[in-house]
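Derivation of every value follows stated rules applied to the coordinates shown; laboratory data play no part. If you're wondering where the values come from, they're calculated on a predicted model, not measured in any experiment. Reconstructed Cβ throughout: ideal geometry from the backbone, glycine too, with neighbour counts over all protein chains shown.
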Amino acid sequence: MTTTTSQAESFRRDSAHPFSASTSIAVFVYNYSTSGVAYSGGRYHALLVAYALANAGVRVSVVTDSPLSSRADLEKHGRGVVEYIYADKFVADQVPGTFDYVLVAPTGALYPEFYNCAERIARRSGASIVLINYESANWFNSLAPTPDYPEVWDYWRRVIVRGGLVLSSTRESDQYARKFYKSDIGELQFAYCYPPINSAAADAVGMRQKDGSIVYFARPHHDHKGGADVLRLPPEVFSRRTLRVIFGGDVVPNYCKELEARVSLAEGAKLTVHQRISDHEKYVLLAQANALLFPSRFEGFGYPPVEAAYVGTEIACYDLPVLVETVGRVAHMAPVGNIEALAGALQASLEQPTRSAGLRASVIEHVEMTYVANRLLAILAINETNTNIYQEDCDYTVLWGPWGVSEVDSDWRQDATDFAPAPPYGVATRAPDDDWITLLFVIWIKGTLATSTLRTGNRVMNAESIDHTKTIGDWTRTSVSVSLAEEVIGSTLSLSGYNSVGGQVHADYTLCVRGVSKK
């Protein structure tokens with residue numbers, strides 16, 4: 001079943017939702033920052049969803065590995081209570097209780113334990129599993145200046161390979177998601193919902209008197225964020241203006257020096273740098289500014305434009321389809337990569353007569369927290385997924401690599417937009433009174449698999465059965481069975497596959513079968 005736009009968007013701010021305070025939702029977030037200060041748009045997005053749902057009255061737990069930098073901002077302004085469960089290395093036994101829904105906020109890091117923990121908790125709870133889809137690989141890698149490792153998305157896809165709900169942030173994102181994500185066993189559903197902003201913090205700031213400044217959120221190390229384009233803007237567009245540069249993470253000194261040199265060429269222009277500011281400070285700067293400069297060449301959603309509009313500030317940006325969808329009615333847009341046109345859009349935004357109330361009205365029903373919470377709960381109710389699709393509760397769990405970038409087989413997979421219908425996945429079981437563990441896994445390959453081997457050290461284990469079950473385009477779904485001795489449990493296994501003449505038919509994969517408790 002697919003949630004349509006009308007179903008998802010018909011729930012307004014004061015709509016009743018079908019859940020009660022006993023409804024329990026877990027939101028899995030990987031922080032990978034022991035200090036808790038590193039900013040991530042994905043983690044921020046996930047916490048905003050958690051607090052929006054809590055504000056709506058359901059029970060929400062954030063399962064993470066360390067304190068998150070955005071927690072203080074959201075607790076200060078939120079009405080609902082969010083429980084935090086800290087699970088070191090995402091060991092499932094450290095996560096108490098059961099849940100009705102498990103939401104997974106995926107990460108760009110290669111960390112299979114995170115996803116495996118979420119799957120095990122969903123299985124233990126009989127919960128519906130939901131993947132928060134920031135952007136699918138077929139979308140990002142076809143448009144971003146530098147594609148990312150396709151293997152990153154194998155983790156995302158494996159979470160819902162047995163069915164579930166793929167929740168995208170926009171209609172544009174949802175269109176790509178439907179072509180990219182596939183389940184191999186259970187029913188897979190799709191929906192989209194604009195994520196919330198911290199509207200309580202924005203409301204506390206309110207509309208402000210404009211001070212003529214320009215706000216720019218900088219991430220120069222990521223070329224799809226357009227930092228190089230800002231350095232190419234004609235200096236005169238900054239004349240008698242203050243450019244306020246905001247870094248969510250570490251300041252990049254060399255970039256700031258280049259940008260300051262550029263801005264200083266304009267009469268009366270200056271630059272200020274702000275780092276890891278609170279939501280309150282962010283909204284004050286946005287509300288006082290005359291314009292937001294947003295030069296990104298790719299966005300899965302794009303928070304700053306809707307945040308700027310919410311506090312009544314003009315937007316200059318590229319005409320990305322996702323931004324046309326969210327702020328296209330009010331933003332000043334330029335064709336992607338056209339520096340002259342971007343400068344013109346910025347100038348037009350600075351000259352635009354004040355229309356703060358109209359800017360807020362254009363986005364409030366998309367991103368205000370209460371509106372979004374009711375839409376999210378409506379989507380979850382409509383798209384409740386089959387809870388009997390997860391791998392059976394047994395003594396073993398199967399984790400798939402890579403565990404790090406150094407393990408990515410980049411020579412094998414040259415095309416960053418060529419994806420198998422589904423990633424490899426499997427289950428390991430042992431019959432009573434049997435000394436051997438049976439590993440069953442499914443892998444999609446181009447061609448026909450004749451032999452398959454697992455290796456660890458000098459030990460080689462050959463496949464006992466190989467079945468080719470169906471084809472999609474050039475890809476063949478292949479089911480493989482291998483017997484494992486107890487002594488290889490916990491070891492990293494290298495998987496290779498060959499055709500009848502000894503040619504390799506897929507990249508080498510790594511996996512690990514681990515024993516688990518049944519708590």
**Shape metrics for segment 54-172, restricted to C-alpha atoms - Rg then Dmax, Å** = 15.4, 43
**Sequence ranges 83-96, 310-323, ranked by mean other-Cβ count within 10 angstrom, highest first** = 310-323, 83-96
**Item:** Unsatisfied cross-links (Cα-Cα over 22 Å) in the set LYS76/LYS225; LYS179/LYS225; LYS76/LYS210; LYS210/LYS257; LYS225/LYS282
**Value:** LYS76/LYS225; LYS179/LYS225; LYS76/LYS210; LYS210/LYS257
**Request:** Highest first, please rank the peptides 330-339, 364-373, 214-223 by the mean number of other Cβ atoms sitting within 10 Å of their residues.
**Result:** 364-373, 214-223, 330-339
**Request:** Just the number, please: percent antiparallel of the DSSP beta bridges in the chain, rounded to the nearest 5.
**Result:** 45 percent
**Message:** Can you tell me the mean projection area, over all orientations, of the convex hull of segment 219-268's alpha carbons? Units nm², please.
**Reply:** 3.4 nm²
**Prompt:** For segment 237-331, treating each Cα as an identical point scatterer without solvent, what Debye log10 I(q)/I(0) comes out at q = 0.10, 0.12, 0.22 1/Å?
**Reply:** -0.28, -0.41, -1.26
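Reported to two decimal places, what Rg/Rh ratio describes segment 199-367 when computed on Cα atoms with Rh from the Kirkwood expression?
Looking at segment 199-367, the ratio lands at 0.92.
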**Spin-label model distance (nm) - VAL405 vs VAL501, 7 Å beyond Cα toward Cβ** = 3.8 nm
**Fill in**
Lys and Arg at +1, Asp and Glu at -1: neighbours of ASN31 with Cβ under 11 Å from its Cβ sum to +1
**Request:** Find the eigenvalues of the gyration tensor of the Cα atoms of segment 396-515, then list the square roots of 5 times those eigenvalues as equivalent ellipsoid semi-axes, largest first, in whole angstrom.
**Result:** 24, 17, 13
**Asked** Going by the alpha-carbon gyration tensor, a ≥ b ≥ c the square roots of its eigenvalues, is segment 151-208 rounded (a/c under 1.5) or, if a/c is not under 1.5, prolate (a/b greater than b/c) versus oblate?
**Response** prolate
**Item:** Rule-of-thumb Rg ratio for the chain [Cα; 2.2 N^0.38 Å; N residues]
**Value:** 1.03
**Item:** the chain: relative contact order as a whole-number percent, Cα under 8 Å and 6+ apart
**Value:** 15 percent
**Asked** Can you pull out the trypsin sites (Lys or Arg not before Pro) in segment 289-397 that DSSP calls coil and that have at most 13 other Cβ atoms within 10 Å?
**Response** ARG329, ARG355
**Computed [θ] at 222 nm, helices only, for the chain once each DSSP H run of length n ≥ 4 contributes -39500 (n - 2.57)** = -8500 deg cm²/dmol
